[in-house]
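Okay, structure first, notes after.
The values are calculated or read from the model by the stated rules, or taken from the named source; none is laboratory data. Every value quoted in this text rests on a predicted model; they were computed, and no experiment measured them. Don't worry about glycine lacking a Cβ; one is built from the backbone with ideal geometry, like all the others, and counts go over all protein chains shown.
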Amino acid sequence: MPSKRYRQSPSRPTRRPIPPIEVAIGDRFPLTIKKLGINGQGIGYFKHKVCFVPQTIPGEIIVAEVTAVHEKYLEAKIHRLKKASPDRVSPKDDYAGLAGGFELEHLAYQRQLAFKRQVVLDSLAKFKPFGYQHYQVRPTIAAPHPYGYRNKAQFQIRRIDGKIVAGLYRANSHEVIDMVTCAVQMPATMLVMRQLVQWIQELQIPVYDEESNSGIIKTIAIRESRSTGEIQVTFITNSRKLPHKRLLLDKIQTELPAVRSVIQNFNPGDTP
């Protein structure tokens, strides 16, 4: 029998591993935002590496400035906005992009609703619950009034440079940002909050200090009834003792007649 002839296939060239990208904090580069992440931050790609940039919108072109370098991804901020999206709007709050909870205020409201629906669709596609292909995910229902609707405000109380402030934490930190106004809150909740802060300052009631776990007032929560306008105030404290309690209550009763109940919630330690 004639011997079989075997053809040797040509050897494929060996792929060289892609060298790691050398990126440092402060580096800048052009970046096109492709989509939004689940937390509302824009996502672009630099040298095949994911880059998260808050306060950006898909389709925008920016000059990004690196703020953190991780093994698999980068974090950055906008150094310069080269091409803005038509869906970009001016936030009503000065601290949008600083305090947590304002991640999408730069995005037109209808686009916010579409984004929230897309998060649900993406989650279904990722986790694949039984029969998810047949789910009907309807458009997100819009709030009748996207501003001035929140009837609960819960702000941290701290002393900054000798001044008592009430506000929310800076994103990914425990630094409190003083919030004099807040566009999404019902106006009365903010008025009561500012008045209470003023009295705490005047009466020199100690406020909480996280580093030393000392001080007394940690948080103030205010709830307003949408139907009656009645308000409930809760002081969350690090101690059962609340100096000048009687005087504070007298001021509330006399000058804030809408406040119908006051609660002290004793919650010691480094919890909110």
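For Thr219, the test of being in contact with a Pro (Cβ under 8 Å, 6 or more places away or on another chain), assigned to a strand (DSSP E or B) and among the β-branched types (Val, Ile, Thr) is passed.
For the range 216-238, how many residues are among the hydroxyl-bearing types (Ser, Thr, Tyr) and either at pLDDT below 95 or on the phi > 0 side of the Ramachandran plot (or both)? Within the range 216-238, residues that are among the hydroxyl-bearing types (Ser, Thr, Tyr) and either at pLDDT below 95 or on the phi > 0 side of the Ramachandran plot (or both) number 0. Pull up the range 251-272, narrow it to residues that are of a type in the set (A, V, I, L, M, F, W, C) and either touching a residue at least 60 places away in the same chain (Cβ under 8 Å) or surrounded by 12 or more Cβ atoms within 10 Å (Cβ to Cβ) (or both), then point me to the one that is nearest to Ile157 (Cα to Cα). Among them, the one singled out is Phe266.
Residue by residue, here is whether (1) more than 30 Å from Asp270 (Cα to Cα); (2) acidic (Asp, Glu); (3) surrounded by fewer than 10 Cβ atoms within 10 Å (Cβ to Cβ) holds:
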position	(1), (2), (3)
Phe127	yes, no, yes
Phe130	yes, no, yes
Tyr135	yes, no, no
Thr140	yes, no, no
Asn151	no, no, no
Gln154	no, no, no
Ile160	no, no, no
Ile164	no, no, no
Val176	no, no, no
